[in-house]
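Structure, as structure tokens:
The values are calculated or read from the model by the stated rules, or taken from the named source; none is laboratory data. Everything numeric here is computed off the predicted structure, so don't read it as measured data. No Cβ is skipped: glycine too gets one built from the backbone with ideal geometry, and neighbour counts run over all protein chains shown. For accessibility, only protein heavy atoms count, side chains too; no ligands or nucleic acids. Shrake-Rupley method; radii C 1.70, N 1.55, O 1.52, S 1.80 Å.
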Amino acid sequence: MTLARVRGRLGHIRLQDLTEDHVEAWMRWALQEGRGRGGKPGTGLGATSVEMSLARLKEALDRAVTRGLVRVNVAREVTVPRKARKAERRARAAVPPWSVAEVRALVRAIAGDRLQAPFLLALMGLRPAEICGMRWADIDLDEATVSITNTRTVMGNDIVVEKDAKSLAGERQLPLPAPVAAA
């Protein structure tokens, strides 16, 4: 999926004919007008999105080098300009954490909702993929703990990917407050 935007612009070029100039031109296009959905089409993608696509392209070209399809990875030295990364960081608005009153208002609003427990787990700081990856075996109501060992995400609209936590630090056991256990 991350390479789809690259394939759309560079896919017509034979692998052996691809040059660093092609990759540079793609990157400039992506930063200036590469958005196709998720905002105003024709506007630039964020530097982070372009970096992710560029990283996948570099990985694919590294594989092509390993397989002997090309001699060099022409994307290896292409990087998103520092100016674009800094502009993106400056444009990102700092989101203040919720106040106690806002948290209480949410807790009251979700009382009895079928998704009350996942919402409360999110308030505890769990990531959406961790909540979705939870199994009943991960919850110990007697000990009032929850184990985070698994994640579940959706790729596209139909592929569910389930895997272990990203790192050992991501695997953890947390206390389960009484209101969350009750939900």
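Structure above, values below:
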quantity: Selected residue (criterion: least open to solvent (accessible area, probe 1.4 Å)) from residues of segment 1-13 that are without any contact (Cβ under 8 Å) to a residue 24 or more places away in the chain and assigned to a loop (DSSP other than H, G, I, E, B); calculated: 13
quantity: Unmet criterion (only one of (1) open to solvent by less than 70 Å² (accessible area, probe 1.4 Å); (2) in contact with a helix residue (DSSP H, G or I) (Cβ under 9 Å, 6 or more places away or on another chain); (3) within 26 Å of residue 97 (Cα to Cα)) for residue 172; calculated: (2)
quantity: Residues of segment 141-161 satisfying the condition of being modelled with pLDDT of 90 or more and open to solvent by 50 Å² or more (accessible area, probe 1.4 Å); calculated: 141, 142, 143, 152
quantity: Per-region count, segment 118-140, residues open to solvent by 40 Å² or more (accessible area, probe 1.4 Å), under 19 Å from residue 160 (Cα atoms) and not in a helix (DSSP H, G or I); calculated: 2
quantity: Contacts under 9 angstrom Cβ, first residue in segment 79-107 being on the phi > 0 side of the Ramachandran plot and part of a helix (DSSP H, G or I), partner open to solvent by 80 Å² or more (accessible area, probe 1.4 Å) and not hydrophobic (A, V, I, L, M, F, W, C), 6 or more apart; calculated: none
quantity: Some residue of segment 88-103 being surrounded by 11 or more Cβ atoms within 10 Å (Cβ to Cβ) and at pLDDT below 90; calculated: yes
quantity: Enumeration of residues in segment 33-78 that are touching a residue at least 40 places away in the same chain (Cβ under 8 Å), assigned to a loop (DSSP other than H, G, I, E, B) and of a type in the set (D, E, K, R); calculated: 77
quantity: Subset tally (residues that are surrounded by fewer than 13 Cβ atoms within 10 Å (Cβ to Cβ) and either in contact (Cβ under 8 Å) with a residue 40 or more places away in the chain or touching a helix residue (DSSP H, G or I) at 6+ places or on another chain (Cβ under 9 Å) (or both)) for segment 14-25; calculated: 3
quantity: So residue 43, is it open to solvent by 40 Å² or more (accessible area, probe 1.4 Å), of a type in the set (Ser, Thr, Tyr) and farther than 21 Å from residue 71 by Cβ; calculated: yes
